[in-house]
Amino acid sequence: MVELANKNRIDLVVVGPEAPLVAGVADALREAGIAVFGPNAAAAQLEGSKGFTKDLCRVNHIPTADYVRVELAADAKAALERFGIPVVIKADGLAAGKGVTVAMTRSEAEAAIDAAGDGPLVVEEFLEGEEASLFALVDGETAVPLASAQDHKRVGEGDTGPNTGGMGAYAPAPVLTPELQARAMDEIVGPTARALAAAGTPFSGVLYAGLMLTAEGPKLIEYNVRFGDPECEAIMPLIAGDFAELLHAVATGRLAQIEPPQLSGEHSMTIIVAARGYPGTPASGGLIREIDAAEQVEGVTVFHAGTALGEKGLVAKGGRVLAVTAVADTFANARARAYRAVDQIDFADGFHRRDIGWRELARENA
Ligand code: AMP
Ligand code: GLY
């Protein structure tokens, strides 16, 4: 990466996914003097190790679920007594969204521990509330909110079936009111940024705080050290001004000196079109047509995720294939546009959820 960036005189590198961040790609670029958006490996531990994040929360009094870290399955089972049921079992390391079990019964909890076997686990208290995601730009001690969003993790309508990387999203998330967002910045994101800076491992990039909005206020469920997918596709069209300049300011340590990021005030909705079989083995190679027709719908952008150009044209290559985003003045209008666009697309091997944004629409209709 360093070689490629040098050779092409690259001004800014944005490291997207977690694996290269945890592996230290940003470290290597920074050492070579190349502006990079994304944390060094040490700060990427916020996503790379759930135990690291939980300990950081405990030391800095950051609200999160009570927890224990264990190394042995027997200790994990012993810890179950402490939290009651439901209880949450988490693999410590990166697991591509598959390392978490929210156990509704004792036997489910024990089965999850048995399946994980010995090795680092976090056992934690179950938090009740609605989830929302807060995206903050962080450069050392400076942390500013960028946007909020809500994801839909389950593959099936009505939030049923296995977890996925996300089947749809909308932004902003009104459930995270300005007051709650300010609390989350003051009580969670800000203290995290300061703790990492004080430890000599400052964070630089976007910090994605997965929050549970509990009766006691926002609590941290987990951190990601990157933009979420599909949250990113929902947020990007709402960002007013020069997004590249914003990323460059973070990469060069100038976040405190620039105008805070502004959103357009519109609403957006993103529908993921996945290949049949996802999140298991997705059908590969299915033909996709009429993307142009979908993009004729006002306010719509179709982002390619898992596509490739085959001999006959555009084909599916991956689990989540397209992210269809629509922007409008209200959620209802954004949603209508997004589904109108999805319905234009001819992709026989694809499927999508028809109920993205159901929480928000229920609130709008209430
Ligand atoms: P994570 O990978 O940590 O985001 O966990 C995946 C999902 O599990 C979250 O989005 C929540 O829906 C759920 N979850 C994780 N931790 C908890 C918790 N302590 N209480 C309730 N639900 C949780
Ligand atoms: N959509 C959830 C994530 O990107 O982690």
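The values are calculated or read from the model by the stated rules, or taken from the named source; none is laboratory data. All of these numbers come straight from a predicted model, not from anything done at the bench. Don't worry about glycine lacking a Cβ; one is built from the backbone with ideal geometry, like all the others, and counts go over all protein chains shown. Surface accessibility is based on the protein's heavy atoms, side chains included, excluding ligands, DNA and RNA. Shrake-Rupley method; radii C 1.70, N 1.55, O 1.52, S 1.80 Å.
For residue 58 and residue 312, a Förster radius of 56 Å and the Cβ-Cβ distance give a FRET efficiency of 0.50, rounded to the nearest 0.05. Within segment 1-127, DSSP assigns beta bridges of which about 85% are antiparallel (rounded to the nearest 5). Size estimate for segment 100-172 follows the Kirkwood approach: the inverse of mean 1/r over distinct Cα pairs works out to 15.3 Å. Normalised per residue, the accessible area of segment 216-366 is 46 Å², obtained with a 1.4 Å probe and no contribution from ligands, DNA or RNA.
Computed on segment 112-208, with alpha-carbon pairs under 8 angstrom and 6+ residues apart, the relative contact order is 31 percent. Just need the Rg to Rh number for the chain, please, alpha carbons only, Kirkwood Rh. Here the Rg-to-Rh quotient is 0.96. Within the chain, antiparallel bridges make up roughly 95 percent of the DSSP beta bridges whose residues both belong there.
In the chain, the DSSP-assigned H stretches of four residues or longer account for a calculated mean residue ellipticity at 222 nm of -8500 deg cm²/dmol, using -39500 (n - 2.57) per stretch and the full residue count as denominator. Annotation: per residue accessible area for segment 52-192 equals 43 Å², rounded to a whole number [probe 1.4 Å, protein chains only]. The charge dipole of the chain, taken about its Cα centre with unit charges on the Cβ atoms of Lys, Arg (+1), Asp and Glu (-1) only, comes to about 440 debye.
Per-residue Karplus couplings for segment 203-213, computed as 6.51 cos²θ - 1.76 cosθ + 1.60 with θ equal to phi - 60°, are listed in order as 8, 9, x, 10, 10, 9, 9, x, 10, 10, 8 Hz, Gly and Pro entered as x.
Only aspartates and glutamates eight or more places from residue 312 in sequence, or on another chain, were considered; those with a Cα closer than 19 Å are 290, 292, 346, 349. Inverting the mean 1/r over all pairs of different Cα atoms, compute the Kirkwood radius of segment 214-363 and quote it in Å. Computed over segment 214-363, the radius equals 17.1 Å.
Tell me which lysines have Cα within less than 30 Å of residue 77's Cα, excluding those fewer than 8 residues away on the same chain? Qualifying lysines at Cα under 30 Å: 50, 54, 90, 98, 153, 219. Once backbone amide H atoms are built at 1.01 Å from N, residue 147 has 135 as its partners under 5 Å, excluding neighbours fewer than 5 places away on the same chain. Considering only protein heavy atoms and a 1.4 Å probe, what is the carbon-and-sulfur percentage of the accessible area of the chain? Answer for the chain: carbon and sulfur cover 52 percent of the accessible area. Shown here for segment 195-300: GluC sites (Glu not before Pro) in loop regions (DSSP other than H, G, I, E, B) with at most 12 other Cβ atoms within 10 Å, namely 216, 298. Using a Gaussian network model of the chain in which every pair of alpha carbons under 10 angstrom is joined by a spring, one finds that among 108, 31, 141 the greatest mean-square fluctuation is at 31.
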